[in-house]
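This report concerns only the one structure given below.
Please treat every number below as a calculation from the coordinates, not as lab data. Here the structure is a predicted model, which is why all the values come from computation and not from measurement. Cβ coordinates were reconstructed from backbone atoms using ideal geometry, including for glycine residues, and neighbour counts include every protein chain displayed.
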Amino acid sequence: MHNPDWVRFMPSTSAPQFASAGDLVIERLSTLRPARRIDVPTWAEQHRRLATTNYQGLWRNDFAPYMVEPSRMVTSRKYGAIVFVAPARTAKSESLVLNVIGHRIDCAPSDMLVVCQTQDSAKQFSERKLAPMLRANRDLTDKQATGRGADNIHEKRFSGNMNLQIRWPVIGYFSQNEYPIVILTDRDRMPDDIDGEGDPFTLARKRTQHAGSLGMVIEESSPGRLILDEDWKAATPHEAPPCTGILGDYNLGTRGAFYWFCPSCNDPFRPEFERLQWETKATPGESARTAEMVCPNGCCIAPDRKFVCNQAGIWLHETNDGKDVCEIDDGRVRDTDILSYRCEGPVAAMQNWEQLVSRHLQAKATFETTGDEQALKATINLDQGKAYLPLVRSIGDSVSEDTLKALAERYPLKIVPAEARFLTVQVDIQGNRFVVHVDAWGEGLERWLIDRFDIAQPPESAPGGERDAKGNARRAIDPARYFEDWADLPGLLNSSYPVEGSAFSLMPVAMIVDSAGRPGVTPNAYRFLRKMQKQGLGQRVYLAKGSSRLDDRARYLEPEKVLQQKGRRVGDIKLVFVGTDKLKDEIILGLTRKEAGPGKYHLSEQLPTQVFTELTAEVKTESGWQKRKSGLANEAFDLSVYGKALVIILRGEKIDWSNPPHWARPANENSFAVRQQQQAAKTELVHPAPVRGRRVRSQGIR
């Protein structure tokens, strides 16, 4: 029998290889297998291996025993969220993020979302934390899928149909998809409002709502927000200060705190930073080596007892009436579906007390020397694990015009105090005048405001500057429209002010001029600086540009764009970029210091009332310094800031006062001193006009 013709034209291929039903069952068996009933810390101690430069072996819960209860409660069916607030170096991300991920992969595969503070930090978490954990644990690596798209930086798939997303706080990752578990790591470095839709914690809880009692949100972070009420006092045993971010979420929960039992008296207490005591030695390091913990009964606990105290420590949560504390399984525990935990730096497993105290003392010394609070805020947030109350804001809200007037002193204007070593001039640009301050500076940058005046009339040589019979010009100064109006500013560098009790007067070492304002001010300011450079005054004339976002207090750099011409860089212009918020903090501290000494800013009773008004026109808020009311004049505040920025650029903070530069020496040795003529000196004591005299010597300031 012959085959039909069409059979001869069929391709001679073998039958397709269909998937084996048995293989499919084996491959998907993990999805059918019930979850292993084992909690996170137990799994970690039995299965998670660490491979670091310092340790090779299984995870040990006794290394950070305070993390056992919080991580054990991840599998709780009673609670829907865990909030953990602690300093850095407490192993919180290892216990509540990596161990939870490993536990889910191995015991209960399900979709997860991990949200890091930024896209870059999400990448770093994936590459530097998650990837090393997977490599060190073969059981977890074997469960990782191998198909296309199964192992990306921000998305990883595992057996059991588990999809692990590693993302950052944008609304797209907090909408549409549902997850049985969402982890927010380093919460206080995230925004409080995600694309106008709400805070991360609330949005995360909506993503787990579909999972019912199996849903869990984990939020961990060290504090990073400011205390909103400096008069706050705790109403319950563990209430946290009023803050946005994670401490606000902590107050919604059970408010757990970690307790030690004193090895001597056996009484429970909270091991907080305030309970550390030390001897005052010559250096922060020497002082820190004497640190020890003191319990409420006065018992001293040496640093080597920390491990034992951590082992015996327990978590106690607030009771529902807010009057007592109890363990988490007690029926009296605060009625909420959020578990919250908080501990401080002394318990941190990877940070000793010597480091804690040393960093605190160093940051405090920096603040006392420069007025910069950043190092102090960082060590209180990250090392001590506490919220920060800005020292400036606790003063700033209470600083009023009357307060500054009460602190003002009885010294004459236009006279340099005997303690002063050099002068600076600051110029603010207004629509119809230049506002001028002259400051005298002494050792430790003690500071006196010795002159304040306006330049309101244009030079006679300027268009419209001709004077009438009464000496008035035909128009007011207009710095934006007329470059000729800037011609009076160089003369400020030649003015001299007599030094109290001396035969000398001092001329300003440098001048700084605002470069922003109405359209036209900036190009005229740049033109003015170029003219000063051509006249050899480039090292004595500076332009200021304020920025509340600048990380540094002051930087001397080329502007990124000149005259709004994008892409054009002009190498002959440099500006003093001023970190206005940070320097305003320092100004308020200097003004409110009662004693003379380094950093004190002295005001004279003879200053015009408007100076005191302008210095108190702003108030420190959560988002920075802002005017109390729209339209308030703040020229004196801005000029005070520009003066400090100028001195920073002149390296005034680096002066060795036992051997100062020529421009900061006593008047009889100072290169910016002029000798007073007897008659001129007598006139100066009677009349307010600055004295001009013969220059002693002339040198640059560098």
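Observations on the structure shown:
- For the range 336-477, the alpha carbon positions stretch 81, 47, 29 Å along the principal axes, listed from largest to smallest.
- Cα convex hull of the range 114-243 - mean projected area over all directions, nm²: 10.4
- Classified by the C-alpha gyration tensor, the range 81-122 has an oblate form. Its axis ratio a/c, with a ≥ b ≥ c, is 1.5 or above, and a/b does not exceed b/c.
- Anchor LYS306: lysines whose Cα lies under 24 Å away (excluding residues fewer than 8 positions away in-chain): LYS92, LYS281, LYS386
- Residues of the range 185-228 with an amide N closer than 19 Å to a point placed 7 Å from the Cα of ARG128 along the Cα-to-Cβ direction: 185-190, 220-223.
- Prolate/oblate/rounded call for the range 299-385, Cα gyration tensor, a/c under 1.5 rounded: oblate
- With R₀ set to 35 Å, the beta-carbon distance separating ARG72 from ALA21 gives a calculated FRET efficiency near 0.30.
- In this simple spin-label approximation, ALA235 and ASP337 carry label points 7 Å from Cα along the Cα→Cβ vector, and these lie 2.4 nm apart.
- Rounded to the nearest whole Hz, the Karplus-based 3J(HN,Hα) values (6.51 cos²θ - 1.76 cosθ + 1.60, θ = phi - 60°) of the range 447-464 follow the sequence 9, 10, 7, 10, 7, 9, 7, 10, 9, 10, 10, x, x, 4, 7, 7, x, x, with x at glycine and proline.
- Three-way shape label, the range 442-548, alpha-carbon gyration tensor, a/c 1.5: oblate
- In the chain, taking the dipole from charged Cβ atoms about the Cα centre, the farthest positive-side position among TYR55, SER547, GLY215 is held by SER547.
- The residue among GLY385, GLN374, ALA408 whose Cα reaches farthest toward the positive pole of the charge dipole of the range 359-451, with charges on the beta-carbon of Lys, Arg, Asp and Glu, is GLY385.
- Long-range tail of P(r) for the range 417-695 (Cα pairs > 28 Å, %): 37
- Contact order normalised by residue count of the chain, Cα under 8 Å, 6+ apart, percent: 10
- When both bridge partners sit in the chain, DSSP labels roughly 55% of those beta bridges antiparallel.
- Spatially proximal aspartates and glutamates relative to LYS123 (Cα-Cα < 15 Å; intrachain offsets below 8 disregarded): ASP151, GLU155, ASP186
- Alpha carbon centroid spacing (whole Å) that separates the range 424-459 from the range 240-259: 48
- Assigned charges on the beta-carbon of Lys, Arg, Asp, Glu; the chain dipole about Cα centre (debye): 2180
- Put the Cα centre of the range 615-634 next to the Cα centre of the range 133-200 and the gap is 42 Å.
- Label-zone membership for the range 475-506, site GLU419, 7 angstrom Cα→C-beta point, backbone N under 17 Å: 499-502
- Helix axis angle, 635-649 relative to the chain longest principal axis, alpha carbon, degrees: 80
- Distance between the range 583-614 and the range 374-392 - C-alpha centres, whole angstrom: 25
- Working note: Cα atoms of the chain, range along each principal axis, descending, whole Å: 129, 92, 44.
- Relative contact order %, the range 257-357, counting alpha carbon pairs below 8 Å whose residues are six or more apart: 30
- For the chain, with +1 on Lys and Arg beta carbons and -1 on Asp and Glu, the positive-most of PRO109, HIS238, SER515 along the dipole: SER515
- ARG36 versus ASP488: modelled label distance in nm, points set 7 Å from Cα along the beta carbon direction: 8.3
- Using θ = phi - 60° and Karplus 6.51 cos²θ - 1.76 cosθ + 1.60, couplings along the range 424-432 (whole Hz; Gly, Pro as x): 10, 10, 10, 10, 9, 9, 10, x, 10
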